[in-house]
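Reviewing the structure listed below.
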Amino acid sequence: MTYHGDVTPGGPPAVRDLDRLTITKVSVGPMDNNAYLLRCRATGEQALVDAANEAPRLLELVGDTGLATVVTTHRHMDHWVALEEVVAKTGARPLVHHDDAEGLPIPAQPLADGDTVRVGECELEVIHLVGHTPGSIALLYRDPAGGPHLFTGDSLFPGGVGNTDRDPERFAALIDDVEHKLFDRLPDETWFYPGHGKDSTLGVERPALPQWRARGW
């Protein structure tokens, strides 16, 4: 089945099989948050990006294989409601950027820009993106058999960067980080998976960067 990335709360997940990594995207309510289960195809090890809500549903998705890590993309509550229960029932190691660690309900291992999160034989690069929150991150997976895959939390969406509450300094920080750390580094075929809503590619969004800067949000 062709991956489309279009999921809705309570609806079926969307599954994408890469050469070495399987990505399962699911939307949980009540705020239509995306959660992503990543599984190394060689070892079966799994990681969850954002235990946003509906812990029983996320645990069902994890299944009997177990869960090694839960990465929280940023400290906003709608991205970690299920974190405590998922960690308690799986023994997974919680990870978050150190600048957002105090916003989580449980202690988590701190991450920094440039760190690597392993999922079995697969590696995800931590990219720190300041602005939506002080410790927001994206996770970059470079598929050896294809283009890059990027999990952007609430820092980048189709149509613009994440909410900075109309704060000019926060917006400038976020648009600069998104442009220089993502668009300047990665090719057009980079597929990105945001914290809410549909996916896109950097190539589709790239022409609009000047418009995003001009409008200031």
Worksheet item: Considering only the other residues whose Cβ falls under 10 Å of the Cβ of Gly195, what net charge follows from Lys and Arg at +1 and Asp and Glu at -1?
Response: -4
Worksheet item: Longest exposed-loop-site-free stretch of the chain, with GluC sites (Glu not before Pro), DSSP loop and at most 16 other Cβ within 10 Å?
Response: 1-120
Fill in: Share antiparallel - DSSP beta bridges, the chain, percent rounded to 5
70
Item to complete: Multiply the residue separation of Asp176 and Arg206 by 0.36 nm, subtract the distance between their alpha-carbon atoms, and state the gained length in nm to one decimal.
Response: 9.5 nm
Worksheet item: Which lysines have a Cα lying under 23 Å from the Cα of Lys198, excluding residues fewer than 8 positions away in the same chain?
Response: Lys25, Lys181
Discussion item. Using a Förster radius of 30 Å, what is the FRET efficiency between Glu189 and Glu85 based on their Cβ-Cβ separation? Nearest 0.05, please.
Written reply: 0.25
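Provide the three semi-axes, in whole Å and in decreasing order, of the ellipsoid equivalent to region 32-71 as defined by the square roots of 5 times the Cα gyration tensor eigenvalues.
On the way: eigenvalues 62, 23, 11 Å².
Equivalent-ellipsoid dimensions as semi-axes: 18, 11, 7 Å.
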Discussion item. Checking the a/c ratio against 1.5 first, then a/b against b/c, what shape does the Cα gyration tensor give for region 90-142?
Written reply: oblate
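Decide, for region 58-164, between rounded, prolate and oblate: order the square roots of the alpha carbon gyration tensor eigenvalues as a ≥ b ≥ c, take rounded if a/c falls under 1.5, and otherwise choose prolate if a/b is larger than b/c, else oblate. Numbers along the way, then the final one.
Details: a/c = 1.60, a/b = 1.11, b/c = 1.45.
It comes out oblate by the Cα gyration axes.
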Fill in: Using alpha carbons only: equivalent-ellipsoid semi-axes of region 106-217, gyration tensor based, whole Å
22, 18, 11
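Throughout, read-outs are computed from the coordinates displayed, never taken from laboratory work. Computed from a predicted model, the values in this text were never measured in an experiment. All Cβ positions, even for glycine, are placed from backbone atoms using ideal geometry, and neighbour counts span all protein chains on display.
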